[in-house]
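Below you'll find the structure, written out as C-alpha cells, and then a few comments.
The values are calculated or read from the model by the stated rules, or taken from the named source; none is laboratory data. A quick note: this is a predicted structure, and the numbers were derived from the prediction, not measured. All Cβ positions, glycine included, derive from the backbone under ideal geometry; neighbour counts span all protein chains shown. For the accessible areas, the whole protein counts, side chains as well, though only heavy atoms, and no ligand, DNA or RNA atoms are used. Shrake-Rupley method; radii C 1.70, N 1.55, O 1.52, S 1.80 Å.
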Amino acid sequence: PVLIVNTELAEYLQQHGLVYRSTATEIVQAQHNRWAQGIKQQLNRRIVAGLLARQRLYWPIEVNAALDLDNKAQLQVYLQRFNGVYTGQAELAGEWLLISSRGQIERTEHFYIEVPLAEPGYPALVAALSAGLEQLTEAIAKAL
C-alpha cells in the first residue's frame with residue numbers, strides 16, 4: 001500500500017539557513033550558510049528515500065496536492081528540533097505518527113536523537129544532522 005509522507009517543522013526551523021542553539025534558551029540562524037532548497041522538502045525527500053530502502057510494507061511517496069489522500073496510509077513527521085547545539089552535538093527531536101487508511105492513529109512515537117560533531121564547523125554539523133536523520137528513518141522503518 002501507498003504511504004503518504006509529510007514532514008512538518010517547528011516555525012523557527014522554517015528558515016533559509018541552518019539553525020544553531022547557542023545557549024539553553026537562544027538560537028541563531030546562519031546568515032552565510034544557506035540551504036540550497038527548502039529544508040522541509042529536503043527532509044521529506046530524504047525520509048521517503050530512506051523508507052523505500054529500509055522496509056517493504058509500504059510504498060512511501062511525498063505528499064502532493066494532486067494526490068487523493070482518502071483511503072491512504074499517512075506518515076506525519078513533526079520536527080521540533082533539527083539544529084546544532086553549543087555542546088558540540090546535532091539534535092533532532094519531535095514525533096511521528098502512522099495514520100491508517102481509515103484515518104486512525106496506529107502508532108505514534110516521540111524521538112530525541114543527538115549526534116556528536118566530528119569537528120567544529122558547518123560541514124560537520126550538516127553531516128551530523130544527516131546521520132541523525134538516517135537514525136530517525138531507520139527507527140521509523142523498524143517500527144513499521
## Note on the structure
How many residues of segment 97-117 are of a type outside the set (Phe, Trp, Tyr) and closer than 18 Å to Val19 by Cα? The answer is 5
### Pair list, Cβ under 7 Å, 6 or more apart: segment 48-61 residue modelled with pLDDT of 95 or more, other residue open to solvent by 60 Å² or more (accessible area, probe 1.4 Å) and not in a helix (DSSP H, G or I)
Val48/Glu62
### Query
Could you say which residue among Leu97, Leu133 is among the aliphatic types (A, V, I, L, M) and within 22 Å of Gln29 (Cβ to Cβ)?
Leu133
### Message
Just to confirm my filter: which strands (runs of 3 or more DSSP E) fall fully inside segment 68-144 and include at least 1 residues that are within 23 Å of Ala53 (Cα to Cα), under 13 Å from the mean Cα position of the chain (by Cα) and in contact (Cβ under 8 Å) with a residue 40 or more places away in the chain?
### Response
73-85, 89-99
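Among what's in segment 1-33 and is hydroxyl-bearing (Ser, Thr, Tyr) and more than 16 Å from Leu43 (Cβ to Cβ), pick the residue that is most open to solvent (accessible area, probe 1.4 Å). Break it down stepwise before answering.
Of all residues in segment 1-33, those hydroxyl-bearing (Ser, Thr, Tyr) come to 7, 12, 20, 22-23, 25.
With more than 16 Å from Leu43 (Cβ to Cβ) added as a condition, the list becomes 20, 22-23, 25.
On the way: Tyr20: 90, Ser22: 41, Thr23: 46, Thr25: 128 Å².
The qualifying residue most open to solvent (accessible area, probe 1.4 Å) is Thr25.
How about segment 102-126: which of its residues are over 30 Å from Asp70 (Cα atoms) and open to solvent by 60 Å² or more (accessible area, probe 1.4 Å)?
The initial filter retains those residues of segment 102-126 that are over 30 Å from Asp70 (Cα atoms), namely 112-126.
Listed by number, the residues that qualify are Tyr112, Glu114, Pro116, Ala118, Glu119, Pro120, Tyr122, Pro123.
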### Conditions (1) open to solvent by 20 Å² or more (accessible area, probe 1.4 Å); (2) touching a Leu at 6+ places or on another chain (Cβ under 7 Å); (3) under 21 Å from Lys142 (Cβ atoms); (4) assigned to a strand (DSSP E or B): number failed by Arg46
(4)
### Query
Across segment 66-96, which residue is surrounded by the most Cβ atoms within 10 Å (Cβ to Cβ) among those that are farther than 27 Å from Gly17 by Cα and of a type outside the set (Lys, Arg)?
Ala73
### Summary
Within segment 130-144, residues among the small types (Gly, Ala, Ser), over 15 Å from Glu91 (Cβ atoms) and crowded, with 18+ Cβ neighbours inside 10 Å come out as Ala141
